[in-house]
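K.L.:
Dropping a structure here in structure tokens format, bear with me for questions.
The values are calculated or read from the model by the stated rules, or taken from the named source; none is laboratory data. None of these values were measured; they are calculated from a predicted model. Cβ atoms come from the backbone with ideal geometry, glycine included; neighbour counts cover every protein chain shown. Just the protein is used for accessible areas: all its heavy atoms, side chains included, with ligands, DNA and RNA removed. Shrake-Rupley method; radii C 1.70, N 1.55, O 1.52, S 1.80 Å.
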Amino acid sequence: MLNQIKGLHHVTSLASSASRNNAFFTDTLGLRRVKQTVNFDAPDVYHLYYGDEAGTPGTVMTYFPFPMAARGKPGTGEVGRTYFAVPKDSLDAWAERLAGLGVAGLGRDTRFGDDRVLFDGPDGDAFALVGTEGDERAPWTGGGISEQMAIRGFQGADMRLRDEGASAELLKFMGYEEVDRKDNVIRFKVPGGNAADTIDIETLPGASPAGQGAGSVHHIAFAVENRARQLEVREALIDTGYRVTPVIDRDYFWAIYFRTPGGVLFEVATNEPGFATDEDTAHLGEALKLPSQHAHLREKLERVLEPLE
Ligand code: ZN
């Protein structure tokens, strides 16, 4: 069993309008845009990152906005809902705020004792604000949401699967422990994690497979401290029979990817070097940053990419 994985690093989803996506995550949710770059594998599409002040692993929601993208069809084989942690006594204020701003999909529920406000992102992306206590992470308050309310980062996410078996085994291999189960949901947590430490598996045997589109999660990334830990994880996964990509340089972290038995794309990303490698922390996300391999495309990209503001 591995002990290098410390919880979530980032969650990456698909969007339609980049400007609407930017407005929702910065204004409505009050996150900080910590990087404005392009999809390194398809540079005519943005890659937008939203998180805390520094884009600390475990806080970072990222998007590939395709302007004409059709909406995804929820189903099995994907991450269904992504959970943000907020102070427990802020949930009523959040419900009121999101209702006042016309946010869709609003609801309340309780899962394994966590009180939650459920809501949809601009493309139907499913989210929850989870009331937590004792989360030590400092929130970004530059987006105008008070410290008493602001999002601390992720708490976790759920995966919707046809059957849980092989994916539950994989999570345990990755260092997660089953901590609870009720009806068709099993909760896993990674001990000693970064607070974004929860994964739920929701089993839906009769449901149809998801169709990926705007609002769908593209992949979910788990955090390891550094490249040495990442290589240990990569080797162990390969020894277990997973087909894992080589280590890929994403400028702000190093990444490996593999497809899980349930169909969800997993990434393992390093905490190093972080988002301040090509701009000051004080100005993160303000300018379009391009990786060196796409720097020659700047003039064209500035012409074709939708203005964010
Ligand atoms: Zn990623």
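K.L.:
Could you tell me whether region 189-207 includes any residue that is under 30 Å from Ala95 (Cβ atoms), open to solvent by 60 Å² or more (accessible area, probe 1.4 Å), of a type outside the set (Val, Ile, Thr) and in a strand (DSSP E or B)?
P.N.:
Yes, region 189-207 contains at least one residue that is under 30 Å from Ala95 (Cβ atoms), open to solvent by 60 Å² or more (accessible area, probe 1.4 Å), of a type outside the set (Val, Ile, Thr) and in a strand (DSSP E or B).
K.L.:
Any idea how many residues of region 217-251 are within 16 Å of the ligand (Cβ to nearest atom) and among the polar types (S, T, N, Q)?
P.N.:
The qualifying residues number 2.
K.L.:
All but one of (1) touching an Asp or Glu at 6+ places or on another chain (Cβ under 6 Å); (2) crowded, with 19+ Cβ neighbours inside 10 Å; (3) of a type outside the set (Ser, Thr, Tyr) hold for Arg229; which doesn't?
P.N.:
Of everything listed in (1) touching an Asp or Glu at 6+ places or on another chain (Cβ under 6 Å); (2) crowded, with 19+ Cβ neighbours inside 10 Å; (3) of a type outside the set (Ser, Thr, Tyr), Arg229 misses just condition (1).
K.L.:
Name every residue in region 58-98 that is of a type in the set (Gly, Ala, Ser) and either open to solvent by 60 Å² or more (accessible area, probe 1.4 Å) or closer than 22 Å to Val217 by Cα (or both), in order of residue number.
P.N.:
Step one: list which residues in region 58-98 are of a type in the set (Gly, Ala, Ser), which gives 58, 69-70, 72, 75, 77, 80, 85, 90, 93, 95.
Hits for region 58-98 are Gly58, Ala69, Ala70, Gly72, Gly75, Gly77, Gly80, Ala85.
Residue by residue, here is whether (1) touching a His at 6+ places or on another chain (Cβ under 8 Å); (2) of a type in the set (Phe, Trp, Tyr) holds:
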| position | (1), (2) |
| --- | --- |
| Phe64 | yes, yes |
| Ala70 | no, no |
| Lys73 | no, no |
| Glu78 | no, no |
| Arg81 | no, no |
| Phe84 | no, yes |
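K.L.:
Here's something else I'd like to know. List every residue pair whose Cβ atoms sit under 9 Å apart, with the two residues 6 or more apart in sequence or on different chains, where the first one lies in region 131-153 and is of a type in the set (Val, Ile, Thr) and the second, anywhere, is open to solvent by 70 Å² or more (accessible area, probe 1.4 Å) and not in a loop (DSSP other than H, G, I, E, B).
P.N.:
Thr132/Lys88; Ile145/Arg97
K.L.:
Would you point out which residue out of Phe84, Phe127, Phe64 is within 16 Å of the ligand (Cβ to nearest atom) and outside any loop (DSSP other than H, G, I, E, B)? So that I can check it myself, show each step before the final result.
P.N.:
Values: Phe84 fails: within 16 Å of the ligand (Cβ to nearest atom); Phe127 fails: within 16 Å of the ligand (Cβ to nearest atom).
Testing whether each residue is within 16 Å of the ligand (Cβ to nearest atom) and outside any loop (DSSP other than H, G, I, E, B) leaves just Phe64.
K.L.:
OK, next. Is it the case that some residue within region 56-67 is among the β-branched types (Val, Ile, Thr) and over 13 Å from the mean Cα position of the chain (by Cα)?
P.N.:
no
K.L.:
Can you tell me how many residues within region 137-182 are outside any loop (DSSP other than H, G, I, E, B) and small (Gly, Ala, Ser)?
P.N.:
In the first step, residues of region 137-182 are kept if they are outside any loop (DSSP other than H, G, I, E, B); the result is 153-161, 165-173, 177-182.
Add one more test, that the residue is small (Gly, Ala, Ser), and what stays is 153, 156-157, 165-168.
The qualifying residues number 7.
K.L.:
Oh, and also: Taking Ala287 as meeting all but one of (1) without any contact (Cβ under 8 Å) to a residue 40 or more places away in the chain; (2) away from the ligand (no atom under 14 Å from the Cβ), write down the number of the exception.
P.N.:
For Ala287, the failing item is (1).
K.L.:
Which members of region 7-20 meet the condition of being within 16 Å of the ligand (Cβ to nearest atom) and outside any strand (DSSP E or B)? Before you say what the answer is, go through the steps one by one.
P.N.:
Applying the first criterion (within 16 Å of the ligand (Cβ to nearest atom)) to region 7-20 yields 7-15.
Hit for region 7-20 is Gly7, nothing else.
K.L.:
Also, quick follow-up: Which one of these is closer than 30 Å to Leu171 by Cβ and either away from the ligand (no atom under 12 Å from the Cβ) or more than 15 Å from the chain's Cα centre (by Cα) (or both): Gln36, Gln4?
P.N.:
When all the criteria are applied, what remains is Gln4.
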